Every structure is written in structure tokens, then in C-alpha cells.
Amino acid sequence: MDKSPDAFRTISEVAEDLDLPQHVLRFWETRFTQIKPMKRGGGRRYYRPQDVDLIKGIRHMLYDQGYTIKGVQRLLKENGNQFLVAIGAGDVAAAEAITLRKAEAEATASADKLAIDDTVLGKPRMKAGRRFFGLGRTEEDGPVEADEGRLTRDNRALLQEALFDLLECKRLLDQVR
């Protein structure tokens with residue numbers, strides 16, 4: 001009889017489903033603190049469905065994508081558990097959405113900083129004649145109003161796309177190293 005998709009799994013069930021030895025799962029628990037199976041009497045491990053999806057994501061990145069353990073740890077740190085859980089569950093769209101949300105937040109924070117701060121540590125940000133980021137105007141045109149520095153939706157989408165491309169290039173370079 002098969003278990004419900006929401007049922008907890010033992011280490012032997014997870015190892016069999018993922019074609020991994022049990023000792024590898026135990027080792028990964030030491031390297032990835034995000035893997036936290038529930039432990040019952042006698043130290044018996046029970047994995048939640050989300051734990052299994054996280055392990056599937058880790059397995060995919062290590063075995064199929066060629067990441068190192070440090071590389072996967074960095075992915076978890078940069079993108080969070082939900083990124084690898086989505087990959088483990090086979091939900092590529094959700095993984096891309098997580099990456100795009102993170103890129104959008106970084107782009108918005110950078111754009112807001114550029115738009116609002118005219119100086120960095122009390123020094124002018126740019127020399128005269130240089131263009132303000134995304135504004136198409138120079139310093140000689142006068143001071144920039146706070147809401148003037150906001151990116152348009154189209155420019156933000158282009159910036160996000162460029163950032164996503166750069167992240168993909170970084171991932172490919174990390175694989176080669």
C-alpha cells in the first residue's frame with residue numbers, strides 16, 4: 001500500500017525513492033542544516049514532504065547540474081529553501097519566480113538608492129556631464145526629484161532580465177570552477 005503524498009517518510013523510503021544510500025542522507029544533514037527530519041524514539045528519522053522535496057532539489061543540483069556542496073550551500077543562502085524545494089518538486093516556474101522576485105527586490109533597492117541619494121558618504125556621486133542612471137539627463141539639467149529617479153516598469157523589466165542573465169552566467173561559471 002502506497003502512502004499519502006502528505007505522509008512522513010522514513011530514511012529508507014527516501015533513500016529508495018531517490019536512489020541514494022542512507023549514509024548520504026545522513027551526511028547531507030550535516031552539510032545542509034536546512035534538512036531537519038523529525039526524530040522519534042531511538043533516533044529514527046521521519047522526513048516531511050517538504051524535506052523530501054528539498055533533498056530532491058539538492059540531489060538534482062549536485063548530481064544532475066554538477067554543483068559542489070559549497071555551491072548548493074551558496075544557492076540556499078542566496079535564494080532560500082523554497083528555491084530548491086521548488087526545483088525538487090519539479091516546479092521550475094516557481095523556482096524562476098523566486099529568482100525573479102529576488103532580482104526585482106535587489107534592482108528596486110539599487111534603483112531607489114540611486115534615485116534618492118545624490119551623494120555617497122557626503123561626496124558627489126558623479127562628475128558633471130555624466131548621465132544619471134536610467135534618466136537620460138545630465139547633472140547640468142538640475143537636481144533630480146526623488147520620484148524622477150524611479151525606473152519605469154519597462155526599464156525595471158529590462159534590468160531584471162539582465163540581472164537574471166548575469167545570475168545564469170554566474171551559475172555556469174561556478175559549474176566550470
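Rule-based calculations on the coordinates, nothing more; no lab input. None of the values given here were measured: they were computed from a predicted structure. Backbone-built Cβ (ideal geometry, glycine too); neighbour counts: all protein chains shown.
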Of those in region 6-38 that are under 23 Å from MET61 (Cα atoms) and either among the hydroxyl-bearing types (Ser, Thr, Tyr) or surrounded by fewer than 11 Cβ atoms within 10 Å (Cβ to Cβ) (or both), the residue nearest to the chain's Cα centre (by Cα) is THR33
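Based on this model, can you work out whether VAL72 counts as touching a Gly at 6+ places or on another chain (Cβ under 8 Å), on the phi < 0 side of the Ramachandran plot and among the β-branched types (Val, Ile, Thr)? Talk me through it step by step, then tell me what you get.
Numbers: touching a Gly at 6+ places or on another chain (Cβ under 8 Å): no; on the phi < 0 side of the Ramachandran plot: yes; among the β-branched types (Val, Ile, Thr): yes.
Here the answer is no, as VAL72 does not meet what is asked.
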Among the residues of region 17-43, the number that are touching a strand residue (DSSP E or B) at 6+ places or on another chain (Cβ under 7 Å) and farther than 24 Å from LYS77 by Cα is 2
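Go through the residues of region 39-47 one by one and say whether even a single one is part of a helix (DSSP H, G or I) and surrounded by 14 or more Cβ atoms within 10 Å (Cβ to Cβ).
Quick first cut of region 39-47, residues part of a helix (DSSP H, G or I) only: 41-43.
Still in the list and also surrounded by 14 or more Cβ atoms within 10 Å (Cβ to Cβ): none.
No, every residue in region 39-47 fails to be part of a helix (DSSP H, G or I) and surrounded by 14 or more Cβ atoms within 10 Å (Cβ to Cβ).
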